[in-house]
1. Restricted to the range 260-274, and to residues that are modelled with pLDDT under 95 and surrounded by 14 or more Cβ atoms within 10 Å (Cβ to Cβ), which residue is nearest to residue 232 (Cα to Cα)?
2. Residues in the range 303-314: is at least one at pLDDT 90 or above and more than 26 Å from the chain's Cα centre (by Cα)?
3. If I go through the range 80-100 residue by residue, how many of them are modelled with pLDDT of 70 or more and either loosely packed, with under 15 Cβ neighbours inside 10 Å or in a loop (DSSP other than H, G, I, E, B) (or both)?
4. Could you count how many residues in the range 101-127 are small (Gly, Ala, Ser) and surrounded by fewer than 21 Cβ atoms within 10 Å (Cβ to Cβ)?
5. Would it be correct to say that residue 285 is modelled with pLDDT of 90 or more, within 30 Å of residue 205 (Cα to Cα) and hydrophobic (A, V, I, L, M, F, W, C)?
6. Confirm whether residue 315 is closer than 30 Å to residue 112 by Cβ and without any contact (Cβ under 8 Å) to a residue 40 or more places away in the chain.
7. Could you list all residues from the range 211-223 that are surrounded by fewer than 22 Cβ atoms within 10 Å (Cβ to Cβ) and within 19 Å of residue 286 (Cβ to Cβ)?
8. Say we look at the range 244-259 and pick out the residues that are crowded, with 19+ Cβ neighbours inside 10 Å and modelled with pLDDT of 90 or more; which of these is farthest from residue 114 (Cα to Cα)?
Amino acid sequence: MKGEDPRNIAAFLMRHGWERTGGRDGYDRYRFKDGRSNTEQQSVIVPLDQSWADYDELLGELLLRIEATSPEVGPLMVKELLERSLGDELKFRKDVSTIGGAVAWSAGRDLIWAAENILLAGAKTRLSRRAYYGQANGRFAHRFLDSVLMGQTEIGSYVVTAFAPPHEAFPDRAPKVDAPSIAGLGTYTGREIVESVVGGLESTVEALEHYKTTNSMSGFERGVSSGVSREMVEAVRRMVVDSDGADVTVEWSGEVVASQPLQAKTHLAFEGSAAPVLERAGHTLASLQPAEHVTAVGRLSLVSRPKRGEMGVVRLKVSAGSEASTLQIRLSEESFEVAAAAIAHEEEVQVTGRQERDGNRYWLYDADLDVVPAALNDVGQLF
């Protein structure tokens, strides 16, 4: 709770049964109202000046005093206060069978992947609304994700917990001349981004309800304007697949004063049976985004080697076939071996795939890669 605003601490204490009993310059005193007579043992001092050099040290002492007030209530209050200070809390829960409290490795992997990609998909919608993003808005989304913390899960549960900083500002990239203007260019707070995450999830729930009554994908198509995307529905699909259901709960960090009630939680639930519908919706949304297919020729260089479960990345210096001067390409392990051999022998390659732009970068997806035969190394013969 480093740097926590003292007004938030005061509001927290008053919501949990404490009352202000006095104070002096720079401090307020609060007493825990539980009917016990030992006033000194039940009281805590709250520092009021965040500019003090020892402010965070004083907060640490405050936590120890709160914990000591009651062995039953004190530790729970400290835990809640620490979690509040970490930011908006998002809990991703998957209802799966357990064996001795453990779950299948694949189920755990799917939930972590889903949680990460729900956050990324929601962050992307803060800049623009698309049916399918690819790498678009990706750097902005990852800047947000880099500031998110992963919390401990509860004993006996299967939950991935994320804490997003509500006040941290995340800069938007400079607008490009060929891109549509976006309202609110500048920066977005972590709270605004989490609101976009929740908006995308809420719209996905609405689209699923619409499908139940109409058997139509139109709810997903209309939902694009509210944050539904191919990336969001695929992330939710991975969360619910092979489960009896899944849900996301958001507990908003309490930037409140004493007169305000505890902020409400937002809870969104998904049925396990929604997985095939979400898979179909993902295909539908991907088809709505116009794709530019290119066949480019050039020489490759290595960006990153493939790791277990991840694709490798190479960079193509384009000599023909694309408006881009370079293309970033993700390759499977098998295709990466072909690319590595071409790099080692300084051979030109021909790559066909779906080209997308992200800021100043171009990416090529679903790439088919072949080495250019020596007899055709004059690229002019290929076009």
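The values are calculated or read from the model by the stated rules, or taken from the named source; none is laboratory data. Since this is a predicted model, take the numbers as computed values, not measurements. Here Cβ is always computed from backbone atoms with ideal geometry, including for glycine, and neighbour counts include all displayed protein chains.
1. Per the stated criteria, the residue is 272.
2. The answer is no; no qualifying residue exists.
3. Qualifying residue count for the region: 7.
4. The number of residues fulfilling the criteria is 6.
5. Answer is yes for this residue.
6. For residue 315, the condition - closer than 30 Å to residue 112 by Cβ and without any contact (Cβ under 8 Å) to a residue 40 or more places away in the chain - is met.
7. Those that are surrounded by fewer than 22 Cβ atoms within 10 Å (Cβ to Cβ) and within 19 Å of residue 286 (Cβ to Cβ): 211, 216, 217, 218, 219, 221, 222.
8. 250
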